[in-house]
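Single-structure report; data block below.
The values are calculated or read from the model by the stated rules, or taken from the named source; none is laboratory data. Because the structure is a prediction, the values reported are computed rather than measured. A quick note on method: Cβ atoms are made from the backbone with ideal geometry, for glycine too, and the neighbour counts reach across all protein chains shown.
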Ligand SMILES: C[S@@+](CC[C@H](N)C(=O)[O-])C[C@H]1O[C@@H](n2cnc3c(N)ncnc32)[C@H](O)[C@@H]1O
């Protein structure tokens, strides 16, 4: 196994073992009456604005997890498919979207081994791009290209640059130690440690990398990294 594959397996294990913890931490942070709570609510409001492009569209959510954003999409999308490699997260996601106007189709798969069979008008990933290793970036965007209709839109929601990241990743939310610029160690409540990929993109740098691959990115004026990406005309 290469270093990247090894890291991706460990990252997935973190999300599998920590699915309930991740969901509970996200939800309690949303109601927290402190700077982290306010930052989270503000980020989520900006995310909701960006997700409005999904209204009445066919939508694919990559790494939908426990449904923190699936629940928003299930209120507005025309149809909605969620792919994630963690069955534990997808179980929580199903509970989150039960009774929503759109019946969500779930696919349990490792995104790096997944072959899409359809194209979607909108492809969304929230808090996922930062978990894609730099050496898999191009391969990942090739997959996005294969999932998207000709004039489709990609919505990226993710943590902002390191200057703001302390508000999004403090110890009350995710206990995390930085290893290097693209790797962190995260801890679950039982003390178990997992290495994860953590690439906090600078938006200009990300726009340049995407331009090189034939994409045009527009980012919202927000603390989080929130943007729409389309194929360059
Ligand atoms: C930070 S969570 C984001 C979840 C959700 N989008 C959100 O914003 O709350 C990352 C998600 O990626 C999923 N994941 C990790 N490795 C994956 C892989 N190789 N293929 C597909 N999903 C993966 C995890 O199961 C987890 O649900």
>> Checking the condition without any contact (Cβ under 8 Å) to a residue 60 or more places away in the chain and farther than 24 Å from residue 142 by Cβ, which residue from 76, 111, 107 passes?
In response: 76
> Looking at the range 41-67, which of its residues are touching a residue at least 24 places away in the same chain (Cβ under 8 Å), within 15 Å of the ligand (Cβ to nearest atom) and over 13 Å from residue 122 (Cα atoms)?
Replying inline: 43, 46, 47, 48, 63, 64, 65, 66, 67
>> I'd like to verify a number: residues in the range 123-150 that are more than 9 Å from the ligand (Cβ to nearest atom) and assigned to a helix (DSSP H, G or I), how many?
In response: 15
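Quick grid of which residues meet (1) in contact with a strand residue (DSSP E or B) (Cβ under 7 Å, 6 or more places away or on another chain); (2) in a loop (DSSP other than H, G, I, E, B):
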site	(1), (2)
12	no, no
20	no, no
24	no, no
51	yes, no
101	no, yes
> For the subset of the range 97-117 comprising residues that are surrounded by 15 or more Cβ atoms within 10 Å (Cβ to Cβ) and near the ligand (Cβ under 10 Å from one of its atoms), which member is nearest to the chain's Cα centre (by Cα)?
Replying inline: 111
> With 40, 94 as the choices, which residue is farther than 21 Å from residue 145 by Cα, surrounded by 14 or more Cβ atoms within 10 Å (Cβ to Cβ) and modelled with pLDDT under 95?
Replying inline: 40
>> Regarding the range 68-85, can at least one residue be identified that is away from the ligand (no atom under 13 Å from the Cβ), more than 13 Å from the chain's Cα centre (by Cα), closer than 22 Å to residue 186 by Cβ and outside any strand (DSSP E or B)?
In response: no
> Do we find that residue 120 is within 15 Å of the ligand (Cβ to nearest atom), modelled with pLDDT of 95 or more and either in contact with a helix residue (DSSP H, G or I) (Cβ under 7 Å, 6 or more places away or on another chain) or closer than 18 Å to residue 225 by Cβ (or both) in this structure?
Replying inline: no
> When the residues of the range 17-26 are filtered to those that are over 15 Å from the mean Cα position of the chain (by Cα) and within 11 Å of the ligand (Cβ to nearest atom), which remaining residue is modelled with the lowest pLDDT?
Replying inline: 25
> When you look at residue 50, is it surrounded by 15 or more Cβ atoms within 10 Å (Cβ to Cβ) and under 22 Å from residue 226 (Cβ atoms), yes or no?
Replying inline: yes
